[in-house]
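A short worksheet on the structure shown next.
Please treat every number below as a calculation from the coordinates, not as lab data. Model, not experiment: these values are computed from the prediction. Neighbour counts are summed over all protein chains in view; Cβ atoms, including those assigned to glycine, are modelled from backbone coordinates with ideal geometry.
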Amino acid sequence: MTGAAIEANGLGMTYGRKRGWALRDCSFRLPAGRICALVGPNGAGKSTLLSLAAGLLRPAEGSVRVLGSTPAEARPRIAYVSQDKPLYPQLTVADTLWAGAELNPATWDRAAADRIAGPLPQDAKVRALSGGQRTRLALALALGKRPELMLLDELMADLDPLARHQLMGLLMAEAAEHGTTIVMSSHILTELEGSCDYLLFVDGGRVRLGGESDDIVAAHALVTGQARDLAPHTVVESRTTGRQLTALVRREGPLDDTVWDVTEPSLEELLLAHLRSPEAPPLLTPSAHARQEVAAV
Amino acid sequence: MAESAAVEFRIDRRSGVATYLQIVQQTKQALRLGVLEPGDRLPTAREVVEATAINPNTVLKAYRELEREGLVEARRGLGTFVRRTLGSAAVTTDPPLRAELAEWTRRARAAGLDRDDVHALFTDVLDSTFKGDQH
């Protein structure tokens, strides 16, 4: 699995001149077969990015390619669940699943859909379902399609912890078996941390961190010690209390642990530090670099 | 799948121990205690992630590590199987050692040591005895 699931070059989107850019200068690559957490604060551009990848929005500038083709061409191989889980309210659960099978005749996997939708009342109308039940039905449709790429926007937001754990488990099982690429957005990192091995951190319409979660964490260090110059390391955030300096740095070469107390930050600490320091330079690991950077200029 | 797996893993996200290491450590612990024996099948990646919601690659990483240490082997299309046990069989099959330790623990208690004292003493002796060994 060496191809790219998503590749964006200079991607930008605006919903009207007065509202500014929802997304700007986005260039990144998501390798196929990864489970990616798309995180960032509210209004960061996560949903815009997913809609562009799903081909529901047309970029204002730049381009995005999905599974090696345009989003429109790739649509049969993508499943996208938007935040509001659009379903037909007057259909029953059984009707909805039937429609899923009819609309995806080539790939429909009834067993996969049933594993998710099993606990739902099959004769209930969608309008009578709770938020969590609708999420379950939407995910059943998405998995039944047996897609190569799943784009899930705030999928778990209205699920109770037990259902969340169970559905996440089923999603991971699908990915383990079929090598499905999954992108899941959330503004709560801890919800996704254990399940994802790739990270896209979007903030202010830009990708600020992208790559394997382990590598991104390993590229940083939390250092404490006597206040002194941290060069050549890139300081993301630093704080001085009396004579003591605490800083989150991006390593440029080895850190002198005779001078500093060096520990590895958690992913959450890392994201918080970046949120508090909007001027910190972006970091993409080699696998997350878009291949045609020239086109982005 | 002919037979169900012999163990299941518990993942503690707040432990601070990397998830793949938790799987490695729990497998080793099961080998030491005889819960896992040669020929037993470890759960498939699918089974583990369905139960724990962790990333599939994390399970594969743990299994690769166990394979590298010669403890398990992957048989294509069949699963991952235990090759050998860990530590000496004495842990489970040598009652005299256990009995001696139980006797010593009783004496320690009679001498007025509480649980934490005994634990500290035991750990201290353990550390000095195995000093320099790879853990």
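Tabulated values for the structure
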| item | result |
| --- | --- |
| Formal net charge of residues neighbouring A:ARG206 (Cβ-Cβ distance under 15 Å; K, R +1; D, E -1) | -1 |
| Structure-based [θ]222 nm, chain A - -39500 (n - 2.57) summed over DSSP H runs of at least 4, per residue, nearest 500 | -8000 deg cm²/dmol |
| Among A:ALA60, A:ALA142, A:ALA231, residue whose mean-square fluctuation peaks in a GNM of chain A (springs only between Cα atoms under 10 Å) | A:ALA231 |
| Virtual paramagnetic centre 7 Å along Cα→Cβ of B:GLN29, amide N under 20 Å, in region B:114-134 | B:116, B:119-120, B:122-124, B:126-127 |
| Order of B:LEU33, A:LEU170 under a 10 Å beta carbon neighbour criterion, fewest first | B:LEU33, A:LEU170 |
| Average beta-carbon neighbours from other chains, 10 Å sphere, peptide A:191-204 | 2 |
| Orientation-averaged projected area, Cα convex hull of chain A (nm²) | 17.7 |
| Lys, Arg +1 and Asp, Glu -1 on Cβ, resulting dipole of region B:10-135 about Cα centre, debye, nearest 20 | 460 |
| Fluctuation leader among B:VAL35, B:VAL125, B:VAL17 - chain B, Gaussian network, Cα springs under 10 angstrom | B:VAL125 |
| Acute angle (nearest 10 degrees) that the helix A:131-144 long axis makes with the longest principal axis of chain A, alpha-carbon atoms | 80 |
| Under 16 Å from the Cα of A:LYS85 - aspartates and glutamates, other chains or at least 8 residues apart | A:ASP153, A:GLU154, A:ASP158 |
| For chain B, calculated [θ]222 nm from helices alone, where every DSSP H run of n ≥ 4 adds -39500 (n - 2.57) | -16000 deg cm²/dmol |
| P(r) tail fraction, region A:1-137 - alpha-carbon pairs more than 27 Å apart, % | 34 |
| Angle in degrees between helix A:267-276 and the longest Cα principal axis of chain A, rounded to the nearest 10 | 70 |
| A:SER27, A:SER47 arranged by Cβ crowding within 10 Å, fewest neighbours leading | A:SER47, A:SER27 |
| Distance between region A:126-151 and region A:1-43 - C-alpha centres, whole angstrom | 23 |
| Region A:124-249: radius of gyration over Cα atoms, expressed as a fraction of 2.2 N^0.38 Å | 1.45 |
| Residue with peak Gaussian network fluctuation, chain A [Cα springs, cutoff 10 Å], from A:SER185, A:SER195, A:SER130 | A:SER130 |
| Local net charge near A:ALA79, Cβ-Cβ under 10 Å (Lys/Arg +1, Asp/Glu -1) | +3 |
| Cα-based helix-to-principal-axis angle, A:93-103 vs chain A, degrees rounded to 10 | 80 |
| Average other protein chain Cβ within 10 Å of Cβ, residues B:42-48 | 3 |
| Cβ-defined net charge surrounding A:SER69, 14 Å radius [Lys, Arg +1; Asp, Glu -1] | 0 |
| Taking only Cα atoms of region A:218-297, radius of gyration then Dmax in Å | 14.5, 49 |
| Magnitude of the charge dipole, chain A, Cβ model with Lys/Arg +1 and Asp/Glu -1, debye to 20 | 1060 |
| Cα-Cα P(r), chain B, percent of pairs per 10 Å interval | 11, 32, 29, 20, 8, 1 |
| Residue order, fewest to most beta carbons within 10 Å, for B:THR105, B:THR80 | B:THR105, B:THR80 |
